[in-house]
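Quick notes on the structure that follows.
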Amino acid sequence: MRRYRIAPSILSADFARLGEEIARVEQAGADMIHFDVMDNHYVPNLSVGPMVCAAVRRSTRLDIDVHLMVKPVDPIVDEFAKAGASLISFHPEASEHVDRTIGLIHECGCRAGLVLNPATPLVWLDDVLHALDLVLIMSVNPGFAGQAFIPHSLEKLRQARRRIDALGREVLLEIDGGVKVDNIREIASAGADTFVAGSAVFGSRDYAATMAKMRSELEAATVSP
Ligand code: DX5
Ligand code: ZN
């Protein structure tokens, strides 16, 4: 069976009690912490930076999956690496030189991901997929938690899965935006293996129960070999 990962997004956590929130999702069975960085320039919202990432690093042993929604990208990469990021993903529109940014993330000792917005085509993967550790498909327009899943993302996942399988090397295929208990099975069946969930987890009363429901849905997903 495919290995699935659930990555709660701290964007929907209670920032006044962030350490406790991280500990709660870790105990509840989270696989990674998704860390959304917004700059009020590339996206219309402002969130958190390397200082908060370092604080999260001190609160958990889980991988920190940094999702940069910032422009420019390169000047901030090293700071997130030093702050304990495990993976760093960025949007191609925000980088002047995508291949160089991927190399920079690797040089800093992190795994590298490329993020494709709903209107950003998969052709961006043509010349860089071989160098990536993760492909993140946005199923909402980036900037806010709690938006509805865009159905076309399923077709995009199917095509991204084909490209990754043809590569014959492990590359995580992550989905971000509007992931809930009631659609996660369909999303997994389309090819995703890593699921960002912000409001679905942190907006629920019992994080462990919510993630357990997600996992039982994932077990029921049909994945073609
Ligand atoms: C949106 C962020 C997401 C967000 C997801 O720009 O990248 O990670 O936190 O939130 P939900 O799961 O509530 O759609
Ligand atoms: Zn995100």
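The values are calculated or read from the model by the stated rules, or taken from the named source; none is laboratory data. What you see is a predicted model, and the numbers here were worked out from it, not measured in a lab. Virtual Cβ from ideal backbone geometry, glycine too; neighbours counted across all protein chains shown. All accessible areas refer to the heavy atoms of the entire protein, side chains included, with ligands and DNA or RNA removed. Shrake-Rupley method; radii C 1.70, N 1.55, O 1.52, S 1.80 Å.
Observations on the structure shown:
- Pair Gln27, Leu46: separation of 7 Å Cα→Cβ label points (nm): 3.4 nm
- Solvent-accessible heavy-atom area per residue, rounded to whole Å², over the chain at 1.4 Å: 44 Å²
- On the basis of the beta-carbon distance and an R0 of 41 Å, Cys108 and His152 show a calculated FRET efficiency of 0.75.
- For region 90-149, the list of GluC sites (Glu not before Pro) that fall in a loop by DSSP and count at most 15 other C-beta atoms within 10 angstrom reads Glu96.
- Sparse-neighbour loop sites [trypsin sites (Lys or Arg not before Pro); region 39-118; at most 10 other C-beta within 10 Å; DSSP]: Arg61
- Placing unit charges on the Cβ atoms only, positive for Lys and Arg and negative for Asp and Glu, gives the chain a dipole magnitude near 520 debye about its Cα centre.
- With the simple model of a label 7 Å out from the Cα in the direction of the Cβ, Glu96 to Arg17 spans 4.6 nm.
- Debye-sum result for region 1-141 in log10 I(q)/I(0), which assumes one identical scatterer on each alpha carbon, at q = 0.19 Å⁻¹: -1.16
- The residue list Met138, Val77, His106 was ranked by how far each Cα lies along the charge dipole of the chain toward its positive end, using unit charges on Cβ atoms, and Met138 comes out on top.
- Computed from backbone phi with θ = phi - 60° and the Karplus coefficients 6.51, -1.76 and 1.60, the 3J(HN,Hα) list for region 107-119 is 4, 7, x, 10, 7, 10, x, 10, 10, 10, 5, x, 9 Hz; x is used for glycine and proline.
- As a rough guide to protection, the peptides 116-122, 176-182 ranked by mean Cβ packing within 10 Å, highest first, stand as 176-182, 116-122.
- Straight-line cross-link reach from Lys213 at under 28 Å between alpha-carbon atoms covers these lysines, not counting any fewer than eight positions away in the same chain: Lys156, Lys180.
- Couplings 3J(HN,Hα) for region 59-67, derived from phi with the Karplus relation 6.51 cos²θ - 1.76 cosθ + 1.60 (θ = phi - 60°), are 9, 8, 9, 5, 4, 9, 9, 7, 10 Hz, where x marks Gly and Pro.
- Amide H contacts of Ala197 (H built 1.01 Å from N, under 5 Å, at least 5 apart or other chain): Ala7, Ser9
- Packing-based order for 36-43, 143-150, using average beta carbon neighbours within 10 Å, highest first: 36-43, 143-150
- Ordering of 159-171, 206-218, 64-76, 185-197 by packing is 185-197, 64-76, 206-218, 159-171, highest average first (other Cβ atoms within 10 Å, averaged per residue).
- Per-residue HN-Hα couplings for region 143-156 [Karplus 6.51, -1.76, 1.60; θ = phi - 60°; Hz; x = Gly/Pro]: x, 8, 7, x, 8, 7, 4, 8, x, 4, 4, 5, 5, 5
- Helical runs (DSSP H, four residues minimum) scored at -39500 (n - 2.57) apiece and divided by the length of the chain put the mean residue ellipticity at 222 nm at -10000 deg cm²/dmol.
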